[in-house]
1. Here are some residues: A:S63, A:S121, A:S58. Which one is touching a helix residue (DSSP H, G or I) at 6+ places or on another chain (Cβ under 7 Å), in a helix (DSSP H, G or I) and at pLDDT 95 or above?
2. If I filter the stretch A:47-55 for residues that are among the aromatic types (F, W, Y) and under 27 Å from A:Q149 (Cβ atoms), do I get at least one hit?
3. Among the residues of the stretch A:1-57, what is the count of those that are within 22 Å of A:T143 (Cβ to Cβ) and hydroxyl-bearing (S, T, Y)?
4. Can you tell me which residues in the stretch A:68-77 are within 14 Å of A:A122 (Cα to Cα) and more than 8 Å from chain B (Cβ to nearest Cβ)?
5. Looking at B:K203, B:K180, B:K212, B:K243, which one is more than 18 Å from B:E589 (Cβ to Cβ) and among the charged types (D, E, K, R)?
6. Can you tell me which residues in the stretch B:155-181 are polar (S, T, N, Q), more than 33 Å from the chain's Cα centre (by Cα) and either in a helix (DSSP H, G or I) or closer than 16 Å to B:R545 by Cβ (or both)?
7. Kindly indicate the residue of the stretch B:67-84 that is assigned to a strand (DSSP E or B) and in contact with an Asp or Glu (Cβ under 8 Å, 6 or more places away or on another chain) and also surrounded by the most Cβ atoms within 10 Å (Cβ to Cβ) among those meeting that condition.
Amino acid sequence: MFWLKLIANFIKILREGQTPAQVAGGFALGSILGLSPMLTLQGLVVWLVILILDVNLSAATLSLLLFSLIAFIFDPLFHQLGYFLLVNIDGLKGIWTTLYNAPIAPLTRFNNTVVIGSFVSALILFPIVYLSMKKFVISYRSTIGKRIQKTKIYQIVSKSWIVQTYQRIRRLEV
Amino acid sequence: MRKKFIFFVLIPVVIVCIVVYLFIDSWIEYGLEYAGEKAVGAKVEIDRLHVTINPISIEFARMQVANPNDTWKNLFETGKVRFALNFGQLLRGKYIIETMEVNSLILATKRTTDGSIPKPREEKPASQVQLTEQAKPALAPQDSKSSISFDIDKIKRELKIDSLLNPKNLATYRQIDSLKKQINDASVQWKTTLDEIDKSKAKLADIETRAKAINVNNIKTVQAASDALNNANIILTNANEIKNTFQTQKTLLTDDVNKFSGSIKNLDDLVAKDFRNLLNMARLPDVSMKGLAEMLLGKEILSKAYEYLGYVETAKSKIQNSSDKPPIETPARFKGQNIYFPIERAYPKMWIKKVLISGGTDKSQDPQYFYAKGEVLNITNNQRITGFPLTVDLSATKGGTTTLAIGASIDRRKELPVDKYNAVLTGLPLKQMSLGQSNFLPATITNASANASITVVIPGNQFDSHTKIFLNNMNLVFQRDPQSIVERIVRDVLASIHGFNVDLRMWRNENKFDVSFTTDLDDQLVSSTKKVIGDEITKIQNDLRNKLNAKIAEKRAELEKLYNEKREMVMSKVKEYENIFNEKLALVESKKKEIENRIEQEKKKQTDDVTKKAKDALKGIFK
């Protein structure tokens with residue numbers, strides 16, 4: 001039920017409510033959390049940013065789940081990238097050594113190959129995810145949403161037993 | 001900015017803080033237990049852990065660490081343990097503990113529950129041979145020794161010397177056949193070389209003709225003499241070149257031939273080895289009776305030694321050298337690989353500078369366990385940064401009579417790891433210790449007292465350990481009546497003594513593991529046993545030795561005949577060629593000498609002529 005509610009909220013948000021920038025912001029920040037391993041200092045900071053900024057929480061949560069799956073698939077690549085950054089680039093060694101021996105910084109676990117590899121990937125992807133999502137929300141609200149509602153699949157799914165049951169339960173809750 | 005910021009941030013933060021406050025003790029307890037179990041390979045249990053925030057310190061009431069080799073016992077258990085973490089370094093993600101206080105350290109206590117944990121997949125480096133793996137055959141009970149019979153009549157009845165002397169059992173036989181083949185193969189090569197030398201004979205004949213063609217009597221002038229001398233020198237140079245080539249071939253041939261002479265001499269060693277092998281096959285006891293004590297004591301002591309080797313190996317493998325550029329690993333998903341960036345005079349990731357251990361109060365001590373006190377210094381993940389090796393200095397007592405002192409130094413500061421251990425045990429009561437083997441004087445030592453000292457040094461892949469054990473006040477209970485003369489003698493000797501010493505040395509050099517086992521019990525047993533059965537055994541052994549020597553001598557004669565024939569053929573030819581070369585060379589040299597004499601004569605004659613003419617001319621002037 002959590003999943004259905006999450007997707008329903010997200011679809012609702014795509015149609016109306018918060019601005020495309022808020023939805024895209026939540027989605028992009030959620031992507032950073034999803035790609036990076038849990039329990040790091042930077043993860044906590046990103047959570048704080050999500051909670052402080054008025055970005056969409058459903059989008060952030062859905063993005064977190066979606067990008068966690070992507071992170072699982074691309075984990076070996078993140079490990080390779082992290083190892084390359086930490087070990088093979090001599091120019092960066094000074095920075096890593098300073099950070100490693102500085103207070104607080106080691107709590108980010110930056111010296112872990114997967115943490116640094118996924119975090120750098122997430123930072124690179126952040127503007128791309130943000131801009132793509134923003135464009136998608138705008139397009140959805142203007143054209144794509146209406147087109148989807150007209151498709152046969154949407155008609156079948158929206159009249160299906162599962163969706164009907166979900167809506168009934170939701171009404172009861174309200 | 002979110003309008004209801006307080007609900008979104010502060011409330012979750014407060015909730016998280018409350019949850020952390022409520023559960024941090026159990027989380028840290030679980031974390032320490034998990035890390036300990038991963039390191040030890042058996043259950044680690046911590047009771048009543050409590051974290052204090054200011055200063056950040058941890059305290060727990062008890063810790064039990066199960067023995068991975070006997071999971072119903074603990075390696076050790078502690079009473080109250082307390083330590084504080086350096087907050088400044090904790091912010092840097094480093095666990096630095098100045099002093100850890102450990103109360104009531106008790107060794108090898110019994111457990112009420114099984115301390116085993118599911119075994120993780122074993123990952124051991126393929127390139128490096130494990131110490132215990134290598135030691136296993138050396139420390140295993142010796143089958144050949146245990147099955148040695150001491151029944152002289154039975155030995156005589158069952159001993160079939162002719163079938164023992166089957167060529168298949170004799171390495172000397174096979175070596176002689178191999179040498180014969182090698183000599184035959186080599187003789188073909190020798191013949192080829194001799195043929196090449198033979199070709200030089202034609203060149204020598206040419207040199208001889210050229211030398212003889214120089215007729216000294218025909219030399220009338222100095223110029224003719226000088227030309228003849230040049231010609232003689234050229235011939236001599238050619239002759240010397242041929243001789244040098246011959247000398248090289250001669251040296252090669254002689255060396256090659258003499259090489260077999262050495263191999264034939266080495267056959268004596270092989271015969272001795274064959275004899276020892278035959279003794280083993282015949283199951284004859286060594287005439288010196290050495291090793292009887294090893295048969296009696298070895299099983300128990302060597303199995304204990306093997307057990308302790310396991311601990312040493314574990315310590316060696318768990319404490320690794322740190323590397324500047326770690327090789328890339330293949331970690332589990334979301335785990336990654338940690339890369340460290342230490343700097344000099346900084347702290348490593350983990351460093352417990354001092355562990356102070358107290359043995360608890362005398363009143364509360366259980367007489368069946370060792371209570372240890374002392375200190376452990378510099379437990380760290382990177383000794384190159386701290387600059388100190390891990391050292392252990394513990395002394396333990398048990399029941400007020402048994403003492404144990406343990407010292408260790410585990411040094412990972414340099415590329416070559418060096419581990420040193422020493423332990424001294426005194427007054428250990430041995431209620432029961434098995435002696436002998438199922439087929440040789442099974443017995444039990446009861447109510448003995450043991451003192452022991454052990455020193456172990458492990459530099460890199462080498463290993464050297466010395467163990468001295470002294471057993472006294474012992475009583476023996478034999479499990480059955482003696483079944484042979486030797487068993488009876490050994491039993492009589494043992495019944496008359498109350499103690500003995502054992503020296504056990506185990507060492508590994510260049511991937512070979514060796515064990516040496518000596519005891520003064522051997523001498524006592526040897527003198528008694530040898531008196532009774534030594535003569536009979538010696539007689540049988542001599543018979544076996546004589547028959548072996550006769551069989552080998554026959555085969556060896558064939559080899560020596562073949563070798564001498566081939567050698568004679570080569571050497572006589574070489575001698576013959578050498579004579580020819582020397583003869584021709586002498587001819588050329590004598591011709592050269594003749595020419596030189598002739599030149600001298602010619603010069604003298606001309607000088608005389610000139611002088612005479614000058615004198616005649618002077619006479620004409622002064623007339």
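The values are calculated or read from the model by the stated rules, or taken from the named source; none is laboratory data. Here the structure is a predicted model, which is why all the values come from computation and not from measurement. Here the Cβ is made from the backbone with ideal geometry for all residues, glycine too, and neighbour counts use every protein chain on show.
1. Sole residue among the options that is touching a helix residue (DSSP H, G or I) at 6+ places or on another chain (Cβ under 7 Å), in a helix (DSSP H, G or I) and at pLDDT 95 or above: A:S121.
2. no
3. 1
4. Passing the criteria: A:S68, A:L69, A:I70, A:F74, A:L77.
5. Only one candidate passes the filter, namely B:K180.
6. B:S163 - this is the single residue of the stretch B:155-181 that is polar (S, T, N, Q), more than 33 Å from the chain's Cα centre (by Cα) and either in a helix (DSSP H, G or I) or closer than 16 Å to B:R545 by Cβ (or both).
7. Among residues in the stretch B:67-84 that are assigned to a strand (DSSP E or B) and in contact with an Asp or Glu (Cβ under 8 Å, 6 or more places away or on another chain), the one surrounded by the most Cβ atoms within 10 Å (Cβ to Cβ) is B:V81.
This table checks each residue for (1) over 25 Å from B:S187 (Cβ atoms); (2) at pLDDT below 85.
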site: B:K201; (1), (2): no, yes
site: B:I214; (1), (2): yes, yes
site: B:V222; (1), (2): yes, yes
site: B:N258; (1), (2): no, no
site: B:S263; (1), (2): no, no
site: B:M281; (1), (2): yes, yes
